[in-house]
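The values are calculated or read from the model by the stated rules, or taken from the named source; none is laboratory data. Treat the numbers as computed from the prediction; the structure is a model and nothing was measured. Note that we place each Cβ from the backbone using ideal geometry, even for glycine, and neighbour counts take in every protein chain shown.
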Amino acid sequence: MPSNFKLSCVLFDLDGTLVDTAPDLFACLNESLQYHGFSVVSEVQLKSFISYGAVVLVEESLKHKASAKEKALVVETLLSIYQNNIVRYSVFFDGMLDVLDTIERRGLKWGIVTNKRQRFTNPLIAALNLTGRVACVVSGDTTANPKPHVDPMLEACKQAQVLAHECVYIGDAIHDIKAGRNAQMKTLVALYGYLSDKDKPEEWGADGLISSPQQLSIWITSKLCH
């Protein structure tokens, strides 16, 4: 890390990084599977697919058990149920609210860059009482291209009125790290998120690996006090 690095803004992926949304997503997924006559699935086995969206989550849930048309219907039902039950079980990861307090106390901005659609992102942020605190919110359909494209990252900088090279982006998937790197941001992998046993985050090219939100606070402090 160059000694002249200036940290102005901390950007978060949403699902699996800022908020543990898996319990709600899987509750709605299993409701939709049962509605269409399919067996429920295990959160443990499929959690790592959350970062890739509802279509992939349903595909991995059903594989060869359903036709493309049936899978599309399950996705449609899932999204409908989820939109009306977006924060029944979702919670901040342990220690994350303290991290946000630390960021704000130190005079830094923070924001969210997610591939989640706006119809889900905005109600979730509102339900978690973050709307008035966040400097930027970029969803998967805010820009023409979602992560790992650079567009969402640059849009976040525009909204927050910061420079990309003064940002750090934290995410739990390889496309998060690619997106941050494409924008010349510092990047951190949230190891506490929705990674699979097959993931090799140490090979993603991130600037660091954090196993808890508390480690993020330590990282931030180290960059401000070098």
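Only one of Gln45, Gln34 is polar (S, T, N, Q) and modelled with pLDDT of 95 or more; which?
Details: Gln45 fails: modelled with pLDDT of 95 or more.
One residue alone meets the criteria, Gln34.
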Yes or no: the stretch 27-41 includes at least one residue that is in contact with a helix residue (DSSP H, G or I) (Cβ under 6 Å, 6 or more places away or on another chain), part of a loop (DSSP other than H, G, I, E, B), surrounded by fewer than 19 Cβ atoms within 10 Å (Cβ to Cβ) and hydroxyl-bearing (Ser, Thr, Tyr).
no
Within the stretch 62-92, count every residue that is farther than 20 Å from Pro123 by Cα, touching a residue at least 24 places away in the same chain (Cβ under 8 Å) and either among the charged types (D, E, K, R) or in contact with a Lys or Arg (Cβ under 9 Å, 6 or more places away or on another chain) (or both).
3
Index of the failed condition, Ala206 passing every other in (1) under 27 Å from Leu46 (Cβ atoms); (2) surrounded by fewer than 16 Cβ atoms within 10 Å (Cβ to Cβ):
(2)
Candidate set: the stretch 42-61, residues that are crowded, with 18+ Cβ neighbours inside 10 Å and over 17 Å from the mean Cα position of the chain (by Cα); chosen: the one nearest to Ile86 (Cα to Cα):
Val58
